[in-house]
Amino acid sequence: MIDVQEIRKDFPILERQVNGKQLIYLDNAATSQKPRCVIQALQSYYEGYNANIHRGIHTLSEEATSAYEGVREKVREFIDAPESRCVIFTRNATEALNLIAYSWGRTNILPGDEIVLSAMEHHSNLVPWQLLAAERGAKLVYLELTPDGLIDLEQAAAVIGPRTKVVAVTMMSNVLGTITPVRELGNLAHARGALLIVDGAQGVPHLKTSVSELGCDFLVFSCHKMLGPTGVGILWGRAELLEAMPPFLSGGDMISAVWRDRVRFNELPYKFEAGTPNIADVIATGSAIDYLQKLGMDNIRAHEIDLTGYALGRLSEIPDATVYGPGDATCRGGVISFNFADVHPHDIGQILNDAGIAIRAGHHCCQPLMRDLKVTGTARASFYIYNTKEEIDLFLDALQEADRVMGHVACR
Ligand code: C6P
């Protein structure tokens, strides 16, 4: 197991107060906090070797290039991918998904083809496919959930069919916490000659990830949810797919030669990294990966199962609380969405904020799922490596207080 009290010392922000109370940060599914080593990596780059990469022959540029490319190799190792040239740096998971839909989708999706998504997709893995389907005359088909919030594999086997070209699913729901049976869906997709795209924005920061074990064709994620700075996303794809795809953005760095009337594209990964990239943040992402690797992803997962099981148990003691998603902490990540009978989630968020507790409230960029749940939004608490059971107790005390205050308001 991990030593949470030691970990907490590495996160300066956890020392701050909010509304006169010690901060309790339970909004990790939106973005994680950053350890000192990540903040220091940014400072070291700007103070010590700030330069553009791939272009210069001076020392600073060579140092920056080597640090930047070193992180590509760290990412490759982190997701157990065969080749670092298939790791592409983007701005975030959203941009990586748009890259696939635009570049692979516009080349491969034909009228009448089916694009299969799950009912719990984030808008970032939904809207790009809606736009593509409308443009290409393709159809969106949905994988439905069981009453427990799990993917219904029987229905999946029925809807993934001969017209399916791609199955694009989240690895872990940012609302329900549900962990998707990615491997099984990959088998169904591949049996039909379709591709499997995995949105790892919530999964990769919390679950040990191997692209070969997942059996996916593309994986995307955002590094700001795994201790890294904002502004760095990852696209990993199988080499033969990436080789065959046209560029997404064009300009500097993505070319190997340009004439007045034509261009020859650069090799992977540079074909997909046009313009000056987010050098500092990519370099600091390397420190975030080192930090996670040192703790061990299996230990992180064990800690989160422990916290989630504890929080689910305590929430079940609160009358009128509705908790969404699987009841078993081992089938889900550390994301808990909930509502009280007639209290608006924003009011819950506000009252908790008064107690120094940060959660998220709203539709969580999953409006179709909210409609299925027959709510306009939920409150959501999400955990990471530095959260403790004591924090969960304080969160639940504040929640009961919210319940009491709002109940009294409703009675007046
Ligand atoms: N979900 C949340 O609070 P970006 O914004 O590109 O880094 O990540 C997009 C994204 C894609 N897929 C899933 C499953 C996600 O959860 C997210 C981001 C945040 O739930 C912000 S809406």
I want to make sure I understand the PRE zone here: with the label point 7 angstrom from the Cα of Q400 toward its beta carbon, which residues in segment 279-318 have backbone N atoms less than 13 Å away? 314-318
Describe numerically, in nm with one decimal, the distance between label points set 7 Å from Cα along Cα→Cβ at V375 and at A51. 5.3
Picking from V335, V175, V141, which is most flexible by a Gaussian network model of the chain using Cα springs under 10 Å? V141
Just check segment 226-317 against the gyration tensor rule for me: Cα atoms, a ≥ b ≥ c as the square roots of the eigenvalues, rounded for a/c under 1.5, and otherwise prolate or oblate depending on whether a/b exceeds b/c. prolate
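Normalised by the number of residues in segment 18-110, what is the relative contact order in percent for Cα pairs under 8 Å and 6+ residues apart? Show your work: numbers first, answer last.
Numbers: 34 pairs, mean separation 10.7, N = 93.
The normalised contact order for segment 18-110 reaches 11 percent.
Run lengths n ≥ 4 of DSSP H only: what is the helix-derived mean residue ellipticity at 222 nm for the chain, with -39500 (n - 2.57) per run over all residues, to the nearest 500? Numbers along the way, then the final one.
Numbers: 14 runs with 154 residues, N = 412.
Calculated mean residue ellipticity at 222 nm is -11500 deg cm²/dmol.
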Describe numerically, in nm with one decimal, the distance between label points set 7 Å from Cα along Cα→Cβ at T330 and at V263. 5.2
Mind listing the phi-derived Karplus ³J(HN,Hα) values for segment 208-219, rounded to whole Hz, using 6.51, -1.76 and 1.60 with θ = phi - 60°, and x for any glycine or proline? 4, 10, 10, 4, 6, 5, 5, x, 9, 9, 9, 9
Tell me whether the chain comes out rounded, prolate or oblate; compute the Cα gyration tensor, take square roots of the eigenvalues as a ≥ b ≥ c, and use a/c under 1.5 as the rounded threshold. oblate
Can you give the % of DSSP beta bridges in the chain that are antiparallel, to the nearest 5? 60
With θ taken as phi - 60° and the coefficients 6.51, -1.76 and 1.60, list the Karplus ³J(HN,Hα) couplings across segment 283-291 in order, rounded to whole Hz; mark glycine and proline as x. 4, 5, 4, x, 5, 5, 5, 4, 4
Collect residues whose amide H, placed 1.01 Å from N in the peptide plane, falls under 5 Å from the amide H of L143; neighbours closer than 5 in sequence don't count. L117, S118, A119
Percent of beta bridges antiparallel (DSSP, segment 49-293, rounded to nearest 5): 45
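What shape does segment 49-293 take by its C-alpha gyration tensor, where a ≥ b ≥ c are the square roots of the eigenvalues and a/c under 1.5 counts as rounded, a/b above b/c as prolate, and the rest as oblate? Walk me through the intermediate numbers first.
Working: a/c = 2.34, a/b = 1.45, b/c = 1.62.
Note, shape of segment 49-293 comes out oblate.
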Among F265, F89, F338, which comes first, then next, by fewest other beta-carbon atoms within 10 Å? F265, F338, F89
Mind telling me which of H58, H364, H122 comes out most flexible in a GNM of the chain, alpha-carbon contacts under 10 Å? H58
Long-range HN-HN contacts of L196 with modeled amide H, under 5 Å: V167, D217, F218
Going by average Cβ neighbours within 10 Å, how do the peptides 202-208, 158-164, 282-288, 393-399 rank, with the highest at the top? 282-288, 202-208, 393-399, 158-164
Between I357 and residues 5 or more places away or on another chain, the pairs with built amide H atoms under 5 Å apart involve I24
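For the chain, with only Lys/Arg (+1) and Asp/Glu (-1) charged at the beta-carbon, what is the dipole magnitude about the Cα centre, in debye rounded to 20? All intermediate terms of the calculation are to be shown ahead of the outcome.
Details: 37 positive and 50 negative charges, 193 e Å.
So the magnitude is around 920 debye.
Mind giving me the FRET efficiency for A134 and E73? R0 is 41 Å, r the Cβ-Cβ distance, nearest 0.05 is fine. Provide the component values of the computation, followed by the final result.
Values: r = 39 Å, r/R0 = 0.95.
Step by step, r from the Cβ atoms, then E = 0.55.
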With point charges of +1 on the Cβ of Lys and Arg and -1 on the Cβ of Asp and Glu, referenced to the Cα centre of the chain, which listed residue (N299, Q22, H190) lies farthest in the positive direction of the dipole? H190
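We did not get these values from a lab; they are worked out from the coordinates using the rules stated. In this text the structure is predicted, and so the values were computed from the model without any measurement. Don't worry about glycine lacking a Cβ; one is built from the backbone with ideal geometry, like all the others, and counts go over all protein chains shown.
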